[in-house]
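Notes for the one structure printed next.
Every number here is computed from the coordinates shown, using simple stated rules; none is lab data. These numbers come from a predicted model, not from an experiment. Neighbour counts run over all protein chains shown; Cβ positions are idealised from the backbone, glycine included.
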2 protein chains.
Amino acid sequence: MTTESMPFAEYVRARRALVDEHLERWLPAPPACPAVIGGAMRYSLLGGGKRFRPILTLAAAEEIAAHEWLRRPSDQGLTLDDAVRFAMPAACAIEMIHTYSLVHDDLPAMDNDSLRRGRPTSHVVHGEGMAILAGDGLLSEAFSLLARVPEGDGPAVLERRMRTIAVIAEAAGPVGMVGGQAIDLEAARPGQGVGPSTFDLESLRRMHSCKTGALIRASAVAGAIMAGALPRAVDAVSDYAVQLGLAFQIVDDILDVEGDTSELGKTAGKDAAAGKPTYPALVGLDRSRELAREAHDAAVAALAQVGIGTGRLHDIASWVVSRTN
Amino acid sequence: MTTESMPFAEYVRARRALVDEHLERWLPAPPACPAVIGGAMRYSLLGGGKRFRPILTLAAAEEIAAHEWLRRPSDQGLTLDDAVRFAMPAACAIEMIHTYSLVHDDLPAMDNDSLRRGRPTSHVVHGEGMAILAGDGLLSEAFSLLARVPEGDGPAVLERRMRTIAVIAEAAGPVGMVGGQAIDLEAARPGQGVGPSTFDLESLRRMHSCKTGALIRASAVAGAIMAGALPRAVDAVSDYAVQLGLAFQIVDDILDVEGDTSELGKTAGKDAAAGKPTYPALVGLDRSRELAREAHDAAVAALAQVGIGTGRLHDIASWVVSRTN
């Protein structure tokens, strides 16, 4: 697992494989889990995906482990392997939550999409009712995984796990992702008071800071917490991730305009067709690219504040603004 | 809050009011929570309901507090008020999870019901998409509430809270409630391999032990854990609650046949009309009543094993078999 000297693309592949292996291992299986729901959950969770959020969690934990002045005195002996091991349940729980949100967003009553991660969406394959339940199952299972305390966890690790659950649950819920999705849904319903025409850049930013930003922030913060980061280090990672999430969303909007359905693995051009507010629609493509670059730079500056120089979190910020899917 | 000498009906009213007050207080509010999702969550959560599960949580905590030989040595000074205070977040989280499950079960893609707790269902009022999100929000918020650690919680209370989260998350997820709902949904889909005709009493029992039994068991167990119960006391409360959940479900099936829509607050006769497997359909009304009584007696016997005589948990068992809504 010595990944320090790996090129970034190789690091991403290695971490993605490790996440996939743990997701597979930690998903509930028969006989305790009925085959019908277990199958629907696996279909969406193990059917590809960039694994951006869990890789961010692991990278944040590794950065904290690599800089001893960012850790609590009691965590001075932490190795990179320890950091990855401590952060892995959070990384996998966040991927479960992200996947549940995709399954529910794709439903006919929401975005009504039939393609995701290059395959038919859950409700197309399993029916609407089972897709709703698969999402519910993934969300519940995320917290079950986070709360299963390994034997021998001391009070310090227990306290970190509890803070991690709090951070992730808040980011997933009505003041985070679910709230952002509700604003988005309301904006798409004509005559309900918040049509796209009333969306300015500030409203758009607020919606996205809930809908995608909150969980991206929680991904990085959870990794930092589980690696024993000092409060100021958690704050810096949080500031970094807020900007990273903003850059991620702007690039998502740009790709919806410029991207290719087969490369994206989801339907391109959909937001524009639905008349949804997007960055390119509001400020144009050129200005959108500038805003993404500014957010990237602000993310990197937040890391510099606590002395985190080049490293995986920097690499991830570059990845986000240069990605094509 | 001196409730020890209250008649049971009065105790239930007092606890219900206390639960309602805390649900109201702990629900996220604007500006952090967008009004549109907050409103949909409140509509379902605060719109009536027996509060059976949270009252069970509080009663279990109070029973443990009332019997010092059932508690860990470190919890000898626990008062009834302490027990209620420690157990209240779990009680409210479980009611949020129960409510989310009703909102999702009522959706057109599931049971397609338009009446719940005497009012139009969430999707009728807020639309399908927002009803899905309101359920998602309630489920996330339940875990957010459980993980918000009050200042000054020591390691012992922290450990109990973590075990409580694990118990509740498992009961809510694919090996519990979501799994049972998936079996139920599959059974209602003709030609999918598990039609009602293939349901015998054992299959029915298994489905219900997941769909309703798991969360009822978790309600009681969470209360016992939060009051510092010894492992054998947790086990006894768990055995009690498994039988209680069984009795609850059999009575639910009987009320679906015999009950009145206006008193039930939900559509009566629905399961029979949908050709769903029920206890009366499989063994008749008389035998169903006998089975409910046997489960009641087994519940009470489990309490007797650890020296819990008359008290609120007994009262709750009597309530379950004699209820009319």
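Brief remarks follow.
- Under conditions of 25 °C and 0.890 mPa s, segment B:8-322 yields 123 µm² s⁻¹ as its translational diffusion coefficient, taking Rh as the Kirkwood radius over Cα pairs in the Stokes-Einstein equation.
- Projected label points at B:Asp260 and A:Asp81, each 7 Å from Cα along the beta carbon direction, are separated by 7.0 nanometres.
- Across chain A, C-alpha contacts under 8 Å between residues 6 or more apart give a mean separation that, scaled by the residue count, equals a relative contact order of 20 percent.
- Three-way shape label, segment A:123-188, alpha-carbon gyration tensor, a/c 1.5: oblate
- Listing B:Leu201, A:Leu255, A:Leu102, A:Leu204 from fewest to most neighbouring C-beta atoms within 10 Å gives B:Leu201, A:Leu255, A:Leu102, A:Leu204.
- Over 30 Å between alpha carbons, listed pairs A:Lys270/B:Lys266; B:Lys50/B:Lys211; A:Lys211/B:Lys276; B:Lys50/B:Lys276: A:Lys270/B:Lys266; A:Lys211/B:Lys276
- For the segment A:105-111, counting C-beta atoms of other chains within 10 Å of every residue's C-beta and taking the mean gives 4.
- Per-residue ellipticity at 222 nm computed for chain A from its helices equals -21500 deg cm²/dmol, with DSSP H segments shorter than 4 residues left out and the rest contributing -39,500 (n - 2.57).
- P(r) weight above 44 Å for the protein assembly as shown, C-alpha pairs, percent: 21 percent
- Using a Förster distance of 56 Å, the FRET efficiency for B:Ala9-A:Arg148 (Cβ separation, nearest 0.05): 0.90
- The residues A:Val257, A:Val12, when put in order of fewest to most other Cβ atoms within 10 Å, stand as A:Val257, A:Val12.
- Per residue of A:275-284, other chain Cβ atoms within 10 Å of the residue Cβ number 0 on average.
- Each other copy places its own label point for A:Gly311 at 5.2 nm from this one, sorted shortest first, where the point lies 7 Å along the Cα-to-beta carbon line.
- Placing one equal scatterer on every Cα of segment A:1-104 and applying the Debye formula, the log10 ratio I(q)/I(0) at q = 0.17, 0.23 Å⁻¹ is -0.81, -1.20.
- Near B:Arg71, the amide H atoms lying under 5 Å from its own belong to B:Leu230; only residues 5 or more places off or on other chains count, and H is placed 1.01 Å from N.
- Cα-based shape type of segment B:227-325, given that a ≥ b ≥ c are square roots of the gyration tensor eigenvalues and the cut on a/c is 1.5: prolate
- Amide H partners (placed H, <5 Å) of A:Arg116, local residues excluded: A:Thr121
- For peptide A:179-188, the mean count of partner chain Cβ atoms within 10 Å of a residue's Cβ comes to 6.
- Per residue Cα convex hull volume in Å³ - calculated over segment A:282-325: 70 Å³
- Whole-number Å³ per residue for the convex hull built on Cα positions in segment B:103-225: 133 Å³
- The longest stretch of chain B left intact once loop-based GluC sites (Glu not before Pro) with at most 16 other Cβ atoms within 10 Å are removed from consideration, loops following DSSP, is B:152-325.
- The other copies place their B:Glu68 label points at 5.1 nm from this one, listed shortest first, where each point is 7 Å from Cα along Cα→Cβ.
- Shown in residue order for segment A:126-136 are the 3J(HN,Hα) couplings computed by the Karplus curve 6.51 cos²θ - 1.76 cosθ + 1.60 at θ = phi - 60°: 10, x, 4, x, 5, 5, 4, 5, 4, x, 4 Hz (x for Gly and Pro).
- In this label model, B:Glu294 and B:Ala156 are separated by 4.2 nm, measuring between points 7 Å along each Cα→Cβ vector.
- Whole-Hz couplings from phi, Karplus 6.51/-1.76/1.60, listed for segment B:4-15; x for Gly and Pro: 4, 9, 5, x, 4, 4, 6, 4, 4, 4, 5, 5
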